[in-house]
Ligand code: KG4
Ligand code: ZN
């Protein structure tokens, strides 16, 4: 079984090809092409949907070719696309007309690869960006006559932490359900009870900013580049390594609330005030030492709340496994601290993180989520014509 997957929900364009060989329980990554728009958005300090959309539309066909070539499945074969298919492409790509000629040339040059499913992210994310991947999936599905599996991006983050990787081969770990998933990304912060791959209950979420978004905003306050998470975390690490006493004490919003919700806007405001006071109302620059102390104070506060609320939820719902997913799961401090805290508080409970290279957005996670649904009989192949982007799609349906 081979699954071609497409991810365009935010600022990474990803195409991957996973195969489960006959008789195997594992998936082999045959091809993986990813283009990051970080450099494009860095100059504005955040993602601009219209620019993200255009960059996805420029990259998606070249990346599809690259991925198929890696898998040795890009075979030249001269043919002429029929009028029906040509009209289908034109009607689907009305808002991505740069893709029309490229698609026609692509189908006229290469033969249909041996693929069983096309998986595509349909939400949540930036709708203009999501539509590019969806429209590409529609075209490929109709012209090649291959079924499409719509995938929830957050489910991709969940399953990516549930697999083990060796030599680009992925095996689902044998985990007891329910699994507690802490999903922390640029757009989301939520605690999700995973009852099976396909059945999710959201037990808490952020009431304002997402964790990654807070990292990005604090990075901007400290004059650090986008995306802010890795930059803030690096400074915080340097500060801790210096052994100096922390001069700042940041609030831990909602740490003791009786629910599993989060809030990061108060912490962000506290950072803003601390910087304003330190710099005499922005009349001077922060010193490097102040920046790293502030980065550490922020990271300590944000991560303490995530860890303690996750532990409380794992205890209340008797989960034997905690999974962490989303871009912020690449944060090594979160990883070290959560593993240490759970080992002390809830010994025996396993804590799983994705491979660092799969923590931020990619298409491998979308293929893994589609595969989990196929194996659990919880997927609905959708007719390509009815696929739709849903920017606010929830993991709990
Ligand atoms: O999952 P992701 O790639 O995209 C979304 O679906 O949002 O997450 C991106 C977010 C950004 O806000 C980025 O700053 C944050 O994840 N991030 C991190 C780290 N690496 C990425 N935050 C904290 N520490 C990190 N090491
Ligand atoms: Zn993501």
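What follows is calculated from the coordinates using simple rules that are stated; it is not laboratory data. A quick note: this is a predicted structure, and the numbers were derived from the prediction, not measured. Every residue, glycine among them, receives a Cβ derived from its backbone with ideal geometry; neighbour counts consider all protein chains shown.
Please arrange 284, 276 by counting, for each residue, the other beta carbons lying within 10 Å of its beta carbon, fewest first. List each step's numbers first, then the result.
Working: 284 9, 276 12.
In increasing order of surrounding Cβ atoms, one gets 284, 276.
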Exercise for the section: Compute the semi-axes of the equivalent ellipsoid of the chain, taking the square root of 5 times each eigenvalue of the Cα gyration tensor, and list them largest first in whole Å. Expected result: 39, 25, 17
Exercise for the section: Any chance you could give the angle, 0 to 90 degrees and rounded to 10, that helix 211-221 forms with the longest Cα principal axis of the chain? Expected result: 70
Completion exercise
Over the chain, the sum of -39500 (n - 2.57) across DSSP H runs of at least four, divided by residue number and rounded to 500 deg cm²/dmol, gives at 222 nm -14000 deg cm²/dmol
Exercise for the section: Would you give the gap between the C-alpha center of the stretch 80-111 and the C-alpha center of the stretch 268-334, rounded to a whole Å? Expected result: 47
Fill in the blank from the handout: Rounded to the nearest 10, the angle in degrees between the Cα long axis of helix 228-242 and the longest principal axis of the Cα atoms of the chain comes to 40
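What is the gain in length, in nm to one decimal, between residue 304 and residue 98 on full extension, counting 0.36 nm per residue of separation less the C-alpha to C-alpha distance?
Fully extending the segment from residue 304 to residue 98 adds 69.5 nm.
Given a Förster distance of 25 Å, report the FRET efficiency between residue 375 and residue 72 from their Cβ-Cβ distance, rounded to the nearest 0.05. Don't skip to the answer; put the middle values down first.
Numbers: r = 26 Å, r/R0 = 1.03.
In this case the efficiency is close to 0.45.
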Handout entry: Extent along principal axes [Cα atoms of the stretch 199-259; Å; largest to smallest]
Key = 43, 27, 21
Completion exercise
Final fewest-first order of 193, 130 on the 10 Å Cβ neighbour count is 193, 130
Exercise for the section: Please identify which residues in the stretch 135-175 have an amide N closer than 13 Å to a label point set 7 Å out from the Cα of residue 26, following the Cα→Cβ vector. Expected result: 163-173
Handout entry: Helix axis angle, 98-109 relative to the chain longest principal axis, alpha carbon, degrees
Key = 50
Handout entry: Descending semi-axes in whole angstrom, ellipsoid equivalent of the stretch 175-353, from the Cα gyration tensor
Key = 31, 16, 14
Exercise for the section: Put one equal scatterer on each alpha carbon of the stretch 225-280, apply the Debye formula with no solvent term, and list log10 I(q)/I(0) at q = 0.28, 0.31 1/Å to two decimals. Expected result: -1.15, -1.14
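Only counting other Cβ atoms within 10 Å, I'd like 9, 164 sorted with the fewest neighbours first. Could you put the intermediate results ahead of the total?
Working: 9 32, 164 12.
Starting with the residue having the fewest Cβ neighbours, the order is 164, 9.
For the chain, what is the percent of antiparallel DSSP beta bridges, rounded to the nearest 5?
Numbers: 34 of 51 bridges.
Looking only at bridges with both residues in the chain, the antiparallel portion is about 65 percent.
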Exercise for the section: Figure the gain on full extension for residue 259 and residue 87 (residue separation times 0.36 nm, minus the Cα-Cα span) and round it to one decimal in nm. Expected result: 56.7 nm
Handout entry: With eigenvalues of the C-alpha gyration tensor scaled by 5 and rooted, the stretch 1-136, Å
Key = 25, 21, 13
